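Encoded as structure tokens, the structure appears first; notes follow it.
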Amino acid sequence: MSQRTAVAAVRRVEQARSRENFPVALRVLPGRYRRHLLAVYAYARQVDDLGDEPLPDPTDRLAALDHIEAELRSLYADREVTHPVVRALAPTVAECRLPLGALVRLIEANRVDQRVTRYATFDELVGYCTLSANPVGELVLHVFGQVGPDRVALSDRVCTALQLVEHLQDVAEDHQRGRIYLPAEDMDRFDVTEADLARPTASRRLRDLIEFEAERARAWLDAGAPLVAALHGWARLAVSGYLAGGRATLDALAAAGYDPLPTTVRPRGRRVLHRWLAATVRSAG
């Protein structure tokens, strides 16, 4: 499969996932960066879809995840690879020197989803985010060739925050799948029960809990925001877009009265643009 063909396939995945909070492969980026970001994104989405596939036996999901990890390891060992998404990732692995560990951690996050459906504490949830979200930021830094320990640490804060925000958006959807990403200790603190998550609209207690979690996510996002100023060129523009998407979503959640149950809260494009420009200008100053 040529990378041109791979990009076409990945674009279809991206279009199907148009609900994301931020532009995954910003149209203003040069083609070489777009191609690599789209390949990374398609891989991450494929792994996530395998973990959520509505199969009757969870062991089938684990087998599918095992298969894609085997394909990934074959790629790094210069052996034949047949999975189309992994094959599409090959040029990006070679040109951007993507670390195998980051790609494998995304698979492990979806294995965790097969056996863990509740999190007792916020620290446990953050631990999950180190598998499910933080590797993506590290991979993005590799795409732009701007990796370093300090930058990865800041990226981890941003990515964890974005994952927390996504969990808040998807409270109802996750609950329908049998998963809850609101820490049990916080649900107890606000006297929220699992039954509250199945209601058509959020109770006052649940709204207070969502607001609490949203402000905590915002604090994590702000803690990682110096990453934008630590980058240069196209990387700065792209990462400021991710940051803007998270902030705009938190704004939309607040505007919805912190009620994510009737519908998935999404920010308007104009709000994302405003936040994006603000983040870019602030980092340049």
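General remarks:
- Solvent exposure of the range 117-284 amounts to 43 Å² per residue of accessible area, where only protein heavy atoms count and the probe is 1.4 Å.
- The range 172-248 shape via C-alpha gyration tensor axes, a/c threshold 1.5: prolate
- Segment Thr121-Ala229, extension gain: residue separation times 0.36 nm, minus the distance between their alpha carbons: 35.7 nm
- The range 117-284 - percent of accessible surface contributed by carbon and sulfur, probe 1.4 Å: 54 percent
- Amide proton proximity set for Ala256, modelled H, under 5 Å, gap of 5+: none
- Converting phi to 3J(HN,Hα) with the Karplus coefficients 6.51, -1.76 and 1.60 and the offset θ = phi - 60°, the range 216-227 yields 5, 4, 5, 5, 5, 5, 5, 5, x, 4, x, 4 Hz in sequence order, with x at every glycine or proline.
- Using a Förster distance of 35 Å, the FRET efficiency for Glu194-Ala153 (Cβ separation, nearest 0.05): 0.50
- Rounded to the nearest whole Hz, the Karplus-based 3J(HN,Hα) values (6.51 cos²θ - 1.76 cosθ + 1.60, θ = phi - 60°) of the range 79-88 follow the sequence 9, 5, 10, 10, 5, x, 5, 5, 5, 5, with x at glycine and proline.
- For the range 101-205, trypsin sites (Lys or Arg not before Pro) meeting the loop criterion (DSSP other than H, G, I, E, B) and having at most 15 other Cβ atoms within 10 Å: Arg118, Arg177.
The values are calculated or read from the model by the stated rules, or taken from the named source; none is laboratory data. What you see is a predicted model; the values in this text were computed from it and never measured. Every residue, glycine as well, gets a Cβ built from its backbone with ideal geometry; the counts of neighbours run over all protein chains shown. Keep in mind that these areas ignore ligands, DNA and RNA; they rest on the heavy atoms of the full protein, side chains included. Shrake-Rupley method; radii C 1.70, N 1.55, O 1.52, S 1.80 Å.
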